[in-house]
Amino acid sequence: MDLSVKIGSTTFTNPLGVASGTFGYGSEYEKLIDLAEIGTLYTKAVTPRPRPGNSIPRIIETASGLLNSIGLANVGMVGFVEQKLPFLATLSCSVVVNVAGDDPDEYREVVEYLDRHDTVNTIKGYEVNISCPNVKCGGLALGTDPRQVEQLTRLLKKTTDKPIIMKLTPNVTDITVPARAAEAGGADAVSCINTLVGMVIDTSLKKTVLPAGTGGLSGPAVFPVALAMVYRTARAVTIPVIGLGGIMTADHAVQFLLAGASAVQVGTANFVDPNIAVDVLRGIEKYAETERLTTIQDFHTFIE
Amino acid sequence: MKFIDARVIDNVSVAEEYYEMSFSWPSEETPLPGQFLTIRASDRTTPLLRRPFAFSRFDDGVARIIYQKRGDATAILAAKTRDEPLNVVGPLGNIFPVPRDSGRPVLVAGGVGIGPIFFFAEHIRAHNPLLVVGARTRGLLPAESCPHGIETVYATDDGSFGFHGTVVDVLKTTYSTDDNWILYLCGPEPMLKAGHEFATERRVPAWVSLEQTMGCAVGACMGCAVRVTGGLGYARVCTEGPVFDSREIVWT
Ligand SMILES: Cc1cc2nc3c(=O)[nH]c(=O)nc-3n(C[C@H](O)[C@H](O)[C@H](O)COP(=O)(O)OP(=O)(O)OC[C@H]3O[C@@H](n4cnc5c(N)ncnc54)[C@H](O)[C@@H]3O)c2cc1C
Ligand SMILES: Cc1cc2nc3c(=O)[nH]c(=O)nc-3n(C[C@H](O)[C@H](O)[C@H](O)COP(=O)(O)O)c2cc1C
Ligand code: FES
């Protein structure tokens with residue numbers, strides 16, 4: 001059995017990743033799980049300059065879900081290189097840096113800076129967040145316009161030799177449109193989905209719970225939506241699709257793989273139980289073994 | 001910080017809607033006052049997130065929390081019985097700093113803040129702390145769980161037990177200018193804010209333990225932010241806190 005996944009020039013040893021924004025920069029979970037077991041760690045978004053994040057409260061639980069309005073709070077690219085990269089360099093799992101910015105040039109600035117300072121080749125790829133519902137510029141606005149998606153992808157492909165994974169938003173009528181645009185721009189893979197725009201109102205205060213009004217919904221509540229989007233995306237592009245959204249069990253992850261995903265990411269479930277990610281990987285391997293599937297491609301042969 | 005497969009030892013009601021749960025806890029992960037743990041209340045997806053609770057006591061091999069039944073997760077906890085497994089991560093967060101000089105520690109607890117304050121009172125017993133415990137009404141005071149042999153003032157908003165007024169009213173009437181106090185507060189935000197204002201007026205140092213909804217509880221998600229005066233303007237309750245110098249907080 002070989003469940004490794006090739007994205008651009010990089011081979012990821014197994015199909016499991018932990019999703020951006022739910023795993024910090026790795027060190028936060030060091031004492032709770034064996035990071036060597038995870039295939040790929042997707043960092044919290046890195047922007048050119050540090051960001052304080054959105055007003056509080058930023059998190060509210062919903063029915064089987066989590067609504068967040070973090071607002072890309074992060075240490076910025078310089079802080080990332082100084083404070084976070086040295087630890088990430090010690091890990092045996094692959095590291096993909098999630099990148100965000102207010103405009104295309106900011107994305108380029110981050111990728112260029114990180115490439116230049118990643119002297120020991122810790123960073124195995126960039127996941128480009130064009131889908132954050134919690135910031136005004138960049139993010140979602142960029143990710144819903146196929147022309148901008150294609151241009152940004154092309155710009156970043158010119159900037160780095162490392163794989164570029166475009167992270168798609170589900171907040172569109174047809175997710176295959178930005179997916180095709182990313183492929184046309186030269187993306188090495190797409191990942192989907194980011195969070196769905198959602199809202200909660202406190203009826204006693206007659207106010208939205210999140211000061212920003214809306215936030216991004218994640219967790220098991222979004223799983224069927226994410227699965228359908230991955231299924232459609234995998235049929236619209238030829239590059240690998242990374243499936244995420246609501247994975248709580250190995251069965252969810254296997255559904256993504258059967259639907260056409262080449263890899264998966266576990267996000268909100270890390271908050272629920274830090275052991276879930278590794279359990280999901282073990283479960284995928286066990287399923288492959290019992291069903292006699294020897295490669296990820298084998299998973300793709302059942303559902304049209 | 002560790003993942004711990006704990007077992008419930010005891011889970012009893014200590015006041016209206018308040019429970020005290022004891023559970024097995026490995027001695028090598030000794031918690032200190034101020035620190036908290038997170039519990040996954042059930043394997044289902046509602047409630048989804050782990051819930052944070054402060055340690056209220058630790059004896060070799062046995063940890064405790066005092067909690068209020070509020071919503072889904074705490075209702076599930078309240079129904080747990082002896083020997084049931086408990087999915088716990090801890091200890092998390094920082095601690096109440098032990099007073100260094102000769103000042104008198106004054107420990108103020110309200111609502112769900114009683115657990116960590118009781119734990120700290122036991123811990124610094126030798127410093128002769130004064131304990132001030134407040135509630136809306138008598139039935140909400142877990143008198144039995146209060147540490148014994150420590151000078152304690154009770155206050156109720158309706159005057160049904162002890163001092164008639166808030167815990168901060170107690171501070172105002174008890175304090176005299178020659179007192180060399182150091183304040184520690186845990187409870188509802190309005191109480192903390194009033195405590196901070198009292199402390200600023202009287203130039204008394206004050207430590208507050210804050211609550212905020214948590215996602216990861218280990219510093220990874222930036223979800224538990226509170227407004228602070230320094231840095232980028234936010235600090236994480238789960239990592240930089242839950243205990244803060246009250247002057248660091250932007251009170252609103
Ligand atoms: C550091 C810290 C220590 C705490 N210590 C104690 C304690 O010792 N005893 C005690 O009774 N309570 C404590 N709490 C509060 C406790 O976490 C909440 O009462 C509990 O989460 C309620 O869950 P529920 O499902 O029963 O209620 P819900 O109906 O879900 O929530 C009731 C209220 O609890 C808070 N809450 C909900 N979800 C979370 C979450 N994921 N993280 C944090 N708060 C949340 C919100 O303010 C909400 O309005 C502490 C909170 C923090 C942050
Ligand atoms: C608290 C939180 C923070 C997140 N931050 C980011 C981020 O910085 N960049 C990004 O691309 N996605 C971010 N996401 C989205 C997740 O990576 C993921 O796409 C989404 O949560 C769906 O997966 P899940 O249901 O498994 O969590 C965040 C999600 C959560 C819950
Ligand atoms: S709860 Fe995630 S950073 Fe504090």
Given the condition surrounded by 23 or more Cβ atoms within 10 Å (Cβ to Cβ), within 14 Å of another protein chain (Cβ to nearest Cβ) and within 16 Å of ligand 2 (Cβ to nearest atom), answer yes or no: does some residue in the stretch B:238-251 qualify?
yes
Filtering the stretch B:23-39 down to residues that are of a type in the set (S, T, N, Q), more than 13 Å from chain A (Cβ to nearest Cβ) and not in a loop (DSSP other than H, G, I, E, B) yields B:24, B:27
Quick one: what pairs do we get from the stretch A:52-80, first residue at pLDDT 95 or above, second aromatic (Phe, Trp, Tyr) and more than 14 Å from ligand 3 (Cβ to nearest atom), C-beta under 6 Å, 6+ apart or different chains?
A:77/A:113
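Listed residues A:67, A:72; which is more than 29 Å from residue A:282 (Cβ to Cβ), surrounded by 22 or more Cβ atoms within 10 Å (Cβ to Cβ) and away from ligand 1 (no atom under 16 Å from the Cβ)?
When all the criteria are applied, what remains is A:72.
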Unmet requirement for residue B:111, which otherwise passes all of (1) surrounded by fewer than 16 Cβ atoms within 10 Å (Cβ to Cβ); (2) at pLDDT below 95; (3) within 15 Å of ligand 1 (Cβ to nearest atom):
(1)
Some residue of the stretch A:269-286 being over 14 Å from the mean Cα position of the chain (by Cα), surrounded by fewer than 23 Cβ atoms within 10 Å (Cβ to Cβ) and aromatic (Phe, Trp, Tyr):
no
What number of residues within the stretch B:46-60 satisfy the criterion of being at pLDDT 95 or above and part of a loop (DSSP other than H, G, I, E, B)?
7
Filter the stretch A:36-53 for residues that are assigned to a strand (DSSP E or B), away from chain B (no Cβ under 12 Å) and in contact with a Cys (Cβ under 9 Å, 6 or more places away or on another chain) and give the result.
A:40
Return yes or no: is residue B:165 more than 16 Å from ligand 1 (Cβ to nearest atom), surrounded by fewer than 18 Cβ atoms within 10 Å (Cβ to Cβ) and within 11 Å of chain A (Cβ to nearest Cβ)?
no
If you check every pair at least six apart or on different chains, which have Cβ atoms under 6 Å apart with a residue in the stretch B:33-60 that is more than 9 Å from ligand 1 (Cβ to nearest atom) first and a residue that is at pLDDT below 95 second?
B:60/B:27
Taking the stretch A:176-190 on its own, how many of its residues are under 15 Å from residue A:129 (Cα atoms) and part of a loop (DSSP other than H, G, I, E, B)?
2
Quick one: residue A:87 ticks every box in (1) more than 16 Å from ligand 1 (Cβ to nearest atom); (2) in a strand (DSSP E or B) except a single one, so which number is it?
(2)
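Can you name the residue in the stretch A:10-35 that is farther than 26 Å from residue A:78 by Cα and not in a strand (DSSP E or B) and, of all such residues, is nearest to the other protein chains (Cβ to nearest Cβ)? Walk me through it before giving the result.
Going residue by residue through the stretch A:10-35, those that are farther than 26 Å from residue A:78 by Cα are A:11-16, A:32-34.
Narrowing further to those that are not in a strand (DSSP E or B): A:13-15, A:32-34.
Numbers: A:13: 23, A:14: 21, A:15: 22, A:32: 6, A:33: 8, A:34: 11 Å.
Residue satisfying both the conditions and the ranking: A:32.
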Please find, within the stretch B:134-181, the residue that is farthest from residue B:198 (Cα to Cα) out of those that are of a type in the set (Val, Ile, Thr) and touching an Asp or Glu at 6+ places or on another chain (Cβ under 7 Å).
B:137
Scan the stretch B:233-246 for residues that are in contact with a Cys (Cβ under 7 Å, 6 or more places away or on another chain) and either more than 8 Å from ligand 3 (Cβ to nearest atom) or not in a strand (DSSP E or B) (or both) and report the count.
2
Members of the stretch B:40-64 that are away from chain A (no Cβ under 11 Å), closer than 17 Å to residue B:3 by Cα and surrounded by 20 or more Cβ atoms within 10 Å (Cβ to Cβ):
B:52, B:53, B:54, B:55, B:63, B:64
The lone condition residue A:56 fails out of (1) assigned to a strand (DSSP E or B); (2) within 13 Å of another protein chain (Cβ to nearest Cβ) is (1)
Could you please find all residues in the stretch B:174-229 being free of Cβ contacts under 8 Å to residues at least 40 places away in the same chain, among the charged types (D, E, K, R), more than 8 Å from chain A (Cβ to nearest Cβ) and under 15 Å from residue A:57 (Cα atoms)?
B:189
Residue tally, condition over 30 Å from residue A:155 (Cα atoms) and more than 15 Å from ligand 2 (Cβ to nearest atom), over the stretch A:177-208:
9
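Among the residues in the stretch B:69-88, are any assigned to a strand (DSSP E or B), more than 16 Å from ligand 2 (Cβ to nearest atom), away from chain A (no Cβ under 14 Å) and touching a residue at least 24 places away in the same chain (Cβ under 8 Å)? Show your work before the answer.
The first filter runs over the stretch B:69-88 and keeps only residues assigned to a strand (DSSP E or B), leaving B:85-88.
Subset that is more than 16 Å from ligand 2 (Cβ to nearest atom): B:85-88.
From what's left, away from chain A (no Cβ under 14 Å): none.
Scanning the stretch B:69-88, I find no residue that is assigned to a strand (DSSP E or B), more than 16 Å from ligand 2 (Cβ to nearest atom), away from chain A (no Cβ under 14 Å) and touching a residue at least 24 places away in the same chain (Cβ under 8 Å), so the answer is no.
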Checklist (1) without any contact (Cβ under 8 Å) to a residue 60 or more places away in the chain; (2) at negative phi; (3) surrounded by fewer than 20 Cβ atoms within 10 Å (Cβ to Cβ) applied to residue A:37, failing item:
(1)
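The values are calculated or read from the model by the stated rules, or taken from the named source; none is laboratory data. Quantities reported herein were computed from a predicted structural model and do not represent experimental measurements. Positions of Cβ are backbone-derived with ideal geometry, glycine not excepted, and every protein chain shown enters the neighbour counts.
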